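Trainee: Mind having a look at this structure? Questions to follow.
The values are calculated or read from the model by the stated rules, or taken from the named source; none is laboratory data. What you see is a predicted model; the values in this text were computed from it and never measured. Neighbour counts are summed over all protein chains in view; Cβ atoms, including those assigned to glycine, are modelled from backbone coordinates with ideal geometry. SASA here: full protein model, heavy atoms, side chains in, ligands and nucleic acids out. Shrake-Rupley method; radii C 1.70, N 1.55, O 1.52, S 1.80 Å.
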Amino acid sequence: MSQPKKREIEIVTNEKTDASDQAEDQLDEVKDQQAVLYRFRQRHKNIQTQITSCAKLIAKEEESCVSKAPPRLRDGDLVHFSHRHPLLRFHLKGTEVIRCNMCTIIISGVAYGCDCCRYFLHEVCSNIPKRIRHDFHPMHSLTLLPIPSIALWHSKVESEFCCVACGYDNSLFSFYYHCDLCKFDLHLECASVTTKLIHKVKYPLDLFTSFPLKSEGAALLCCICNQVMNRQSGWLFYNREFDYICHFECAAEEELAVIGDQSFLSEVQKSLLLQKSCSGQQQKLEKLGEVIHFSHRHPLTAIKQTNKASIMNCCICSNQALSGYICQLCNYFIDETCFPLPRRIQHHFHPNHPLILASYNDPPKSKCRACGHEEGAKYRCSTCKFSLHRCCAGAPMTFTLGTNKKVSYKLLYSYPCDGEMAVIKCSGCSSELNSKESFMYYNFDLDEVLHVQCALNRETDSYDTMLVLASERLKSIKIEEDHS
């Protein structure tokens, strides 16, 4: 075979080989693409399967939640402030070992409960009032709340709760009474103990919030448990005539029978219901000619005397008066100008905290931020050590003097010219301002300053009229009380 023909055959053969290799490469590429596509489809299928499974799981959970949703309220069921769901009426046996969430005692008999939350209450515990007025904390109502250590059990947070009566943090109940303004806490069972015990104790006993024998040097033993009395903490009961002294909790146990049984719960409930603050009690007292005032634990009777020898000092402002309201049990007296004063106000100059009415002798002594004087009834913020006399607290934002040529003054909480070093005098009494940081009335056009008291004295013709006017003005900044 000639040389040229051999070359042609080799070229053709090579071309066929190249074509075959190229076809194989294309086939491999197609196979790879199909494999990738298969893997993609398989992955997509797996994702779809997972999504479907999740959807079924979610639907199942939703169905489960729906099945566990609290039932609608029916006749005989209860809406209770301690739980967000309606509580159904049950009749439980002691063998079921279901404990009350308020007193932790096993329920036997009628109860109210939420089965989906496993929250149950004795019928007796369900009637314990949400708010009460305690004799030793008459200024504010006490609200029933879960004990912090119970609410924070899972987070292991240390509770700062401590009952002011017995001095302990642990309680027979998982709820306690609390005043948020004063950080005043009472165990539920301690709040139910009356201030005078007369039934089951050896001698009639009076309750004391502090140690009554201040000068006694010897160690005193509790006459019930024979343990040493702590002079610094906790309330106690004492009978002076028989020199009988005992721990608060020791006397309470004797008076309230066996702790933990049904009669004990009934006694606690009855006592707390008597302390409940409600409008029904007020209406009943009004029929008897008596009224309730937030500053005193007993009902007050209106009196009007004509004999100046019978003049009395008001226990809120210390002013002398012939007419007002008196307690027949302990001679606590409030004059007619103090009686309508609101318990709490929200003042423009102190917007972050409410101001609470305090009597003239309530410690600590403090000066009025407006006029600088100490004496008299004040509205006070104990957190900020801020005080205002009732007349200063009720001072109007603008003040106008004069009959023909009227001059208007604006109430300011400090002198408007920062850095002023000259002596500033009141245009009414010509005396210096107590402080450039005290309240004042100021006329910008005339550059005139008036003491708040000077302005208020000019407004009325008598001190009594000024007090009545202050009471009326304070109603506009009164904080309404919630007695629900």
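Trainee: If you roll a 1.4 angstrom probe over the protein chains with everything in place, what fraction of the accessible area of the range 334-438 belongs to carbon and sulfur, to the nearest %?
Mentor: Working: 2800 of 5570 Å².
C and S atoms contribute 50 percent here.
Trainee: Over the range 371-413, with the other protein chains present, what is the accessible area per residue in square angstrom, probe 1.4 angstrom?
Mentor: 50 Å²
Trainee: Still on this structure, I have one more. How do the peptides 449-456, 214-221, 81-88, 414-421 rank, highest first, by the average count of neighbouring beta carbon atoms within 10 Å per residue?
Mentor: In descending order of packing, they fall as 449-456, 81-88, 414-421, 214-221.
Trainee: So for the pair A422, L329, with labels modelled 7 Å out along Cα→Cβ, what separation do we get in nm?
Mentor: Distance between label points: 6.1 nm.
Trainee: Per residue, how big is the convex hull around the C-alpha atoms of the range 358-484? Give it to me in cubic angstrom, could you?
Mentor: Working: hull volume 18.4 nm³, N = 127.
Taking the convex hull of the Cα positions in the range 358-484, it is 145 Å³ per residue.
Trainee: Would you mind giving the three semi-axes, in whole Å and largest first, of the ellipsoid equivalent to the range 180-229 according to its Cα gyration tensor?
Mentor: 23, 18, 11
Trainee: Enumerate the calculated ³J(HN,Hα) couplings along the range 294-311 in order (Karplus 6.51 cos²θ - 1.76 cosθ + 1.60, θ = phi - 60°), each rounded to whole Hz, writing x wherever the residue is Gly or Pro.
Mentor: Working through the residues one at a time gives 4, 8, 9, 7, 9, x, 10, 10, 6, 9, 9, 10, 10, 7, 5, 6, 9, 4 Hz.
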